[in-house]
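K.L.:
Sharing a structure, written as structure tokens. Questions coming.
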Amino acid sequence: MRARALTAALLVASTLVVAPATAPAEPAEPYLVGRGIADATGEIAEVGMMGYGRIDQQAEGLHNRLRSRAFVVADPVTDQRVVLVVVDSPMIFGSVHQEVLRRLAQRYGDRYTEQNVLISGTHTHAGPGGYSHHLLYNLTTFGFHGKTFDAITDGIVESVERAHADLAPSSLTLTHDELTDASVNRSRDAFDRNPARDREFFPDAIDPQTSLLRVERDGRPVGAVNWFATHNTSMSGDNRLISADNKGYAAYHWEREVEHVDYHAEQSPDFVSAFAQTNAGDMSPNLDLRPPTTPEDFAATKEIGLRQFEAAVGQLGENGAALDGGVDSRLVHVDLSSVDVRPEFTGDGRHHRTCAPAVGAAMAAGSTEDGPAFPLFAEGENPLWDKVSDSVLYNASPELKQCQAPKGIVVPIGAMNAAYPWVAETVPVQLVRIGRLHLIGVPGEVTIAAGLRLRRTVADVVGADLRDVLVAGYSNAYFHYVTTPEEYDAQHYEGGSTLFGRWQLPALQQTVSGLATALRDGTPAPSGPRPPDLSDRQLSLQPGVLADVPPLGKRFGDVLGQPEPAYQAGERAEVVFAGAHPGNDLRRGGTYLEVQRWDGNRWLTVADDGDWSTTLRWRRHGLAASHVTIGWEVPPGADGTYRIRYHGDARNPFGGVRSFSGVSNEFTASG
């Protein structure tokens, strides 16, 4: 693996060599592009993790920090702009979208709005939860977590601010390639129900297209956004450490290990890479179609991340399509619970309507290939539940049963919205154009066949090459899955999670067709009814940190377990500290730990809590004491003398918080 990564790194280096004097003139730079990175980690202890829906998956520490990466693209002639944000986050809920836009409006007026800002999540299942304003997603986190919400929104806004300040003349090049060993279809039986036209487009039942938008200044790459369809679920449901998962590792590897970006530098970074999602609804990174296990998931995460990185970096040497033309965008809000879908989109010559949202039995079963949920349910048929629901539920709403058929409804969650907001019904759908590249911002998990139909719909209207039209999934809000009507009928996990019924995808096709027409014709699109602001209706049930005390006879920062005197490359150094609860200060933009090397004159930090090689594990000891274990995997070539520092923050019984540090004994490492 190291040899392959080194080859990819050398390929990057080869693209950065200064051109000889006889080289042709530098390419035109028709855009202004800015790049920005910021910390968006959130809480790392005693917060439910988002994605697997497991109440027992409470965070116990940090594997690597989560980042928000932003790119501002401006047409210097018209000053029209679009903003692309990719966040190492499970989902981008409407709560986050609203708050980010509110704060951008305070800072920039009407320059960055809902119309031209696209915020996408990578869908890591190892991020903290509790930041939605809808109750369904806060059940496993014991309510709303304000600190995590603030960290995510602060990180996104800060990354956009940095990208705005970084605007400079740049060129953009779009390339496409194929990656066939980083995804597998986890719902093949449902996919095979699609018509031949869809199945033949994906002969291996995966979407292998990997697309790269690279940013260059003076002929040198300074940034890149990659889109590839695979779930960000290489880390298992048994993992308890906050992690950016495979897409986060791909970005980290390119920035930190290849380009040596300093995440703590105040000036603009030399290189920013984002690995974004597209139509990954039925694409799993677990190629054996088994849920990942711990600790093997660390190696699997790195491997799938490296494959995405190598596919992306391999496109740097391709000519691709040099983008020109302007930038533009449209966004509309759609109440998906009641859309009249016209015959040209339903495909059967008749009108149909979407439904009030409902959770199916197959959704309750979970995706068995990535991590099952409740044991009483299964994908496909659920005869026992069907009997229960037929005798109890549908007596109250036979219309819902008919509209959602053949879904076996577990929770008529739309009806519950009347009493309290459980799920979003009005959601944003967006279309962004950068030259020939078109991005369809969908607030959900779109299967590859459903994504293909959305892409075809837009491509047909605007006259684009199908490869240049991409679904930007997990964007701006969240409404679960989007399947084709044929896949919906199979009622696998994805179909059971398609909340608004069989005609949800045709309703979205109708919506994006309208956006594409407005974009093509240069006309506005009606914004539609905006979703309500629910920030004043949040429940926070998990108690905060009352007080920290050190273990008996110890002080905060004392070392409870020293490292060994010496380590070899590949071994793991560990130190146990008398710590405090990490939730007292999230240290956003900073670090809980430092691995330091003695250079003969001073201690230099060589790794921190944003690095792949480090881990921080927190354990409560007794009622109020904390043990913090910091680990560091010794890399090849790490000859020298080292030590590990820990930075904590302790809360006293009166609410005051003070910072402290601890440091280990010195140890040697050799590679």
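K.L.:
Residues of the stretch 270-304 being surrounded by fewer than 21 Cβ atoms within 10 Å (Cβ to Cβ) and within 24 Å of L213 (Cβ to Cβ), which ones?
P.N.:
D270
Residue-wise test of (1) more than 20 Å from D533 (Cβ to Cβ); (2) out of contact with any Asp or Glu (no Cβ under 7 Å at 6 or more places or on another chain); (3) part of a loop (DSSP other than H, G, I, E, B).
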| position | (1), (2), (3) |
| --- | --- |
| H133 | no, yes, yes |
| L136 | no, yes, no |
| T153 | no, no, no |
| H164 | yes, yes, no |
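K.L.:
Would you confirm whether or not the stretch 313-330 contains a residue that is touching a residue at least 24 places away in the same chain (Cβ under 8 Å), in contact with an Asp or Glu (Cβ under 6 Å, 6 or more places away or on another chain) and of a type in the set (S, T, Y)?
P.N.:
No, that holds for no residue.
K.L.:
Determine whether the stretch 258-270 contains at least one residue that is outside any loop (DSSP other than H, G, I, E, B) and farther than 18 Å from T447 by Cα.
P.N.:
yes
K.L.:
What are the residue pairs meeting all of these: first residue in the stretch 444-470, first residue in the same structural domain as L515 (by TED's automatic domain parsing) and at pLDDT below 95, second residue assigned to a helix (DSSP H, G or I) and among the hydroxyl-bearing types (S, T, Y), Cβ atoms under 8 Å, and 6 or more apart or on different chains?
P.N.:
Filtered contacts from the stretch 444-470: no entries.
K.L.:
Still on this structure, please answer the following. So which of P506, P485 is assigned by TED's automatic domain parsing to the domain that holds S329, surrounded by 24 or more Cβ atoms within 10 Å (Cβ to Cβ) and not hydrophobic (A, V, I, L, M, F, W, C)?
P.N.:
P506
K.L.:
Something else now. Search the stretch 562-578 for residues that are within 23 Å of A625 (Cβ to Cβ) and pair each with any residue that is basic (K, R) when their beta-carbon atoms are under 6 Å apart and the residues are at least 6 apart or on different chains.
P.N.:
A578/K554
K.L.:
Just for the stretch 129-166: of the residues that are farther than 21 Å from P582 by Cβ and touching a helix residue (DSSP H, G or I) at 6+ places or on another chain (Cβ under 6 Å), which one is surrounded by the most Cβ atoms within 10 Å (Cβ to Cβ)?
P.N.:
Residue satisfying both the conditions and the ranking: I156.
K.L.:
So, in the stretch 417-429, of the ones that are part of a strand (DSSP E or B) and touching an Asp or Glu at 6+ places or on another chain (Cβ under 8 Å), which residue ends up surrounded by the fewest Cβ atoms within 10 Å (Cβ to Cβ)?
P.N.:
Within the stretch 417-429, the match that is surrounded by the fewest Cβ atoms within 10 Å (Cβ to Cβ) is T426.
K.L.:
Collect the residues in the stretch 143-180 that are in contact with a strand residue (DSSP E or B) (Cβ under 6 Å, 6 or more places away or on another chain) and within 14 Å of G42 (Cα to Cα), keeping them in residue-number order.
P.N.:
Passing the criteria: F144, H145, T148, G155, I156.
K.L.:
Test of understanding: among G590, G557, which residue is out of contact with any strand residue (DSSP E or B) (no Cβ under 6 Å at 6 or more places or on another chain), at pLDDT 95 or above, more than 21 Å from R240 (Cβ to Cβ) and not basic (K, R)?
P.N.:
Exactly one of G590, G557 is out of contact with any strand residue (DSSP E or B) (no Cβ under 6 Å at 6 or more places or on another chain), at pLDDT 95 or above, more than 21 Å from R240 (Cβ to Cβ) and not basic (K, R), namely G590.
K.L.:
Kindly provide the set of residues from the stretch 339-354 that are surrounded by 14 or more Cβ atoms within 10 Å (Cβ to Cβ), under 24 Å from S527 (Cβ atoms) and not basic (K, R), ordered by number.
P.N.:
V339, V341, F345, T354
K.L.:
Next question. Based on this model, can you work out whether W612 counts as out of contact with any Ser or Thr (no Cβ under 6 Å at 6 or more places or on another chain), among the hydrophobic types (A, V, I, L, M, F, W, C), in the same structural domain as Y592 (by TED's automatic domain parsing) and farther than 21 Å from N584 by Cα?
P.N.:
yes
K.L.:
Restricting to the stretch 449-468, give me the number of residues that are crowded, with 24+ Cβ neighbours inside 10 Å, among the hydrophobic types (A, V, I, L, M, F, W, C) and touching a Ser or Thr at 6+ places or on another chain (Cβ under 9 Å).
P.N.:
3
K.L.:
Can you pull out the residues in the stretch 57-98 that are basic (K, R) and more than 26 Å from L323 (Cβ to Cβ)?
P.N.:
R65
The values are calculated or read from the model by the stated rules, or taken from the named source; none is laboratory data. Computed from a predicted structure; not experimentally measured. For neighbour counting, all protein chains shown are included, and Cβ atoms are generated from backbone atoms with ideal geometry for every residue, glycine included.
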